[in-house]
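Right, one structure below, let's go through it.
The values are calculated or read from the model by the stated rules, or taken from the named source; none is laboratory data. A quick note: this is a predicted structure, and the numbers were derived from the prediction, not measured. Note that each Cβ is placed from the backbone with ideal geometry, even for glycine, and that neighbours are counted across all protein chains shown. To get the accessible areas, we keep the full protein, side chains included, count just its heavy atoms, and leave off ligands, DNA and RNA. Shrake-Rupley method; radii C 1.70, N 1.55, O 1.52, S 1.80 Å.
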There are 2 protein chains.
Amino acid sequence: MTASFNASRLALAALALLAAGSAGAAPAKPEKELPPKPSLADVLKASKPGDWRALDPDNTLYMDLPTGRMIIELAPSFAPATAANIRALVREKYFDDLFIIRSQDGFVVQWGDPDEENPKPFKAAKTVKAEFTAPIKSAGSFTRLKDGDVYAPQVGHVEGFPAARDPASGQTWLVHCPAMIGVARDTGSDTGNGSQLYVVTGHAPRHLDRNITVVGRVVQGMPLLSVQPRGTGAAGFYEKPEQRMSLKRVAMAADVPEAERSRLEVMRTDSATYQAVVEAQRNRGGPWTKVAAGRIDLCNAPIPVREQK
Amino acid sequence: MTASFNASRLALAALALLAAGSAGAAPAKPEKELPPKPSLADVLKASKPGDWRALDPDNTLYMDLPTGRMIIELAPSFAPATAANIRALVREKYFDDLFIIRSQDGFVVQWGDPDEENPKPFKAAKTVKAEFTAPIKSAGSFTRLKDGDVYAPQVGHVEGFPAARDPASGQTWLVHCPAMIGVARDTGSDTGNGSQLYVVTGHAPRHLDRNITVVGRVVQGMPLLSVQPRGTGAAGFYEKPEQRMSLKRVAMAADVPEAERSRLEVMRTDSATYQAVVEAQRNRGGPWTKVAAGRIDLCNAPIPVREQK
């Protein structure tokens, strides 16, 4: 009995009963195979130190849950005012001992203050201007994906974040891929202040793009959020206090003693190595893969993160 | 303090501190708003009985987990041999008391026999021919989405399943959207026999399309699977027996006494009402939405399921 599976994050794990190991099975006939190609793991292994950048402690947020640490990289180049307000909220310890308040299957997990009657006060701004899009000319270097997109004229990456842009309007925006962090708001565009945030846990809800401020990405700890029990209230909100997981402590990495900091590096999405990462996913080699996709969806392009070496 | 959120499955839940309720906040200024439009909930409410079809008990599989019932609709028109082998496995009670053996974050949950040394024997076929694609001419009516796709020349729905097709090759195939069921296999194309199945829980892994037999869709119970603790082994396999959840009983609906059957209906994807469902998601109205997407990704088009009336 043999089992094979590929351990890379996006590879299929094809653990199956092998025909050759079963009595009475016909002998396997040779199939036409795709030639082997470097896998994502191969590309990562061959990467150079310059392909990586350390997280900036002033843009890195630790959310320490009872089950472990989740790490968010903020995107101030897309949402400077919102990122600043989140830093202010974190530094006045607003989030400490608040809760995960919502888990909607196939969509988002959200956290903040569940108490609408007597909300926890805070000194940071109550309204922040909408930062749904940003001018292309003020954004960082855009590495375009050649594969096209259903929702936007152009998609690719800016400084390690999935992004879209529209040359006609001159605007660019962060895209709602899994692990992206958005700022919950009410009807008014300026009602999102960062005191309630959500992370995408399901298939990319791209209709939210340009409708909400996207402010960062979870670079470590997604499983801590994605397994949260689904809420039984409307839109996946928890109905009972005991269903809510506590946010024990939320801190900017810069405010955490050196010894307690996580040491993560993110691959530079403007590097040649990142192009190889994308290509390894776009066109996989044999023998497991029979047909290479030839294309890749923006949200299927992994953005590698590793422990600093 | 006011909170608003939309309870429809794919709508954003925008629970946020309302500016108007906070002392010292500037009064909200009127924004330009999109006109209101029928929501998904409105369209479902206005649907007619003929827009729905009952599940066929011979193509409906119940997986009774300790936490509840998951229901799968098989797709024999795309994978007749595989669907037949799964029926045979179910009817010899192969799956009863086997396990969920894998949960890989953002990808799939998989079930079957974890024991590679002494696998549970079965009488059903050990190898089944690959049913990765099917001839367009033998498939059911295709309702095409006009929105385009990154991976395939054409996408849309066939008999309630997300599907793609390529007129050049004359082939059609089921698409790896969330909730779709695939047949784990080893390297050989015919090594998937249905004794190990997986369900997509993360962003659609479309690179698997045409590389594996897709055999159905979870029509109820996705949350039971998507919250499974992530496995710590390679590719999310569980490393310890106690991490595996038991599949208590797996049965074809046709073999379950009438009184114990679930009564579900699926919306006919070739109905005019389904076009209204898609349009409600493609172009949402105000006031929460500020920019209508104008487009929809195949895997963001919901396929409504309800209790029989």
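With the condition kept exactly as written, say whether any residue in segment A:288-298 is touching a His at 6+ places or on another chain (Cβ under 6 Å) and of a type in the set (A, V, I, L, M, F, W, C). Within segment A:288-298, one or more residues are touching a His at 6+ places or on another chain (Cβ under 6 Å) and of a type in the set (A, V, I, L, M, F, W, C). If the condition is being open to solvent by 10 Å² or more (accessible area, probe 1.4 Å), part of a helix (DSSP H, G or I) and not charged (D, E, K, R), then segment B:282-309 contributes B:Cys299, B:Asn300.
Would you mind stating whether A:Thr273 is part of a strand (DSSP E or B) and either β-branched (Val, Ile, Thr) or under 15 Å from the mean Cα position of the chain (by Cα) (or both)? Answer is no for this residue. Here B:Glu239 clears all of (1) buried (at least 16 other Cβ atoms within 10 Å of the Cβ); (2) closer than 29 Å to B:Tyr94 by Cβ except the condition numbered (1).
Would you point out which residue out of B:Val256, B:Val219, B:Val215 is more than 15 Å from the chain's Cα centre (by Cα) and open to solvent by less than 50 Å² (accessible area, probe 1.4 Å)?
Details: B:Val219 fails: more than 15 Å from the chain's Cα centre (by Cα); B:Val215 fails: more than 15 Å from the chain's Cα centre (by Cα).
Being more than 15 Å from the chain's Cα centre (by Cα) and open to solvent by less than 50 Å² (accessible area, probe 1.4 Å) holds for just one of B:Val256, B:Val219, B:Val215, which is B:Val256.
Of a type outside the set (Val, Ile, Thr), under 29 Å from B:Ser47 (Cα atoms) and either within 14 Å of chain A (Cβ to nearest Cβ) or open to solvent by less than 10 Å² (accessible area, probe 1.4 Å) (or both), is that true of B:Pro229? Criteria not met by B:Pro229. Scan segment B:172-204 residue by residue and report those that are among the polar types (S, T, N, Q), in contact with a strand residue (DSSP E or B) (Cβ under 7 Å, 6 or more places away or on another chain) and in a loop (DSSP other than H, G, I, E, B). Across segment B:172-204, the qualifying residues are B:Ser195, B:Gln196, B:Thr201.
Table: residues versus (1) more than 28 Å from B:Gly231 (Cβ to Cβ); (2) modelled with pLDDT of 95 or more; (3) within 7 Å of chain B (Cβ to nearest Cβ); (4) assigned to a loop (DSSP other than H, G, I, E, B).
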{"site": "A:Ala3", "(1), (2), (3), (4)": "no, no, yes, yes"}
{"site": "A:Ala7", "(1), (2), (3), (4)": "no, no, yes, yes"}
{"site": "A:Leu12", "(1), (2), (3), (4)": "no, no, yes, yes"}
{"site": "A:Leu17", "(1), (2), (3), (4)": "no, no, yes, yes"}
{"site": "A:Ala20", "(1), (2), (3), (4)": "no, no, no, no"}
{"site": "A:Lys32", "(1), (2), (3), (4)": "yes, no, no, yes"}
{"site": "A:Asp42", "(1), (2), (3), (4)": "no, yes, no, no"}
{"site": "A:Ser47", "(1), (2), (3), (4)": "no, yes, no, yes"}
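Of everything in segment B:123-157 that is within 11 Å of chain A (Cβ to nearest Cβ) and among the β-branched types (Val, Ile, Thr), the residue that is farthest from B:Asp190 (Cα to Cα) is B:Val150.
Residues are listed down the side, and each one gets a yes or a no for (1) within 21 Å of A:Phe161 (Cβ to Cβ); (2) touching a residue at least 24 places away in the same chain (Cβ under 8 Å); (3) not charged (D, E, K, R):
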| position | (1), (2), (3) |
| --- | --- |
| A:Pro205 | yes, yes, yes |
| A:Asn211 | yes, yes, yes |
| A:Leu225 | yes, yes, yes |
| A:Gly231 | no, yes, yes |
| A:Glu239 | no, no, no |
| A:Met245 | no, yes, yes |
| A:Ala253 | yes, yes, yes |
| A:Met267 | yes, yes, yes |
| A:Ala292 | no, yes, yes |
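Summed over segment A:232-255, residues that are more than 12 Å from every other protein chain (Cβ to nearest Cβ), closer than 28 Å to B:Thr232 by Cα and in a loop (DSSP other than H, G, I, E, B) total 4. Looking only at segment B:144-198, residues that are open to solvent by 30 Å² or more (accessible area, probe 1.4 Å) and touching a Gly at 6+ places or on another chain (Cβ under 7 Å) come to 3 in all.
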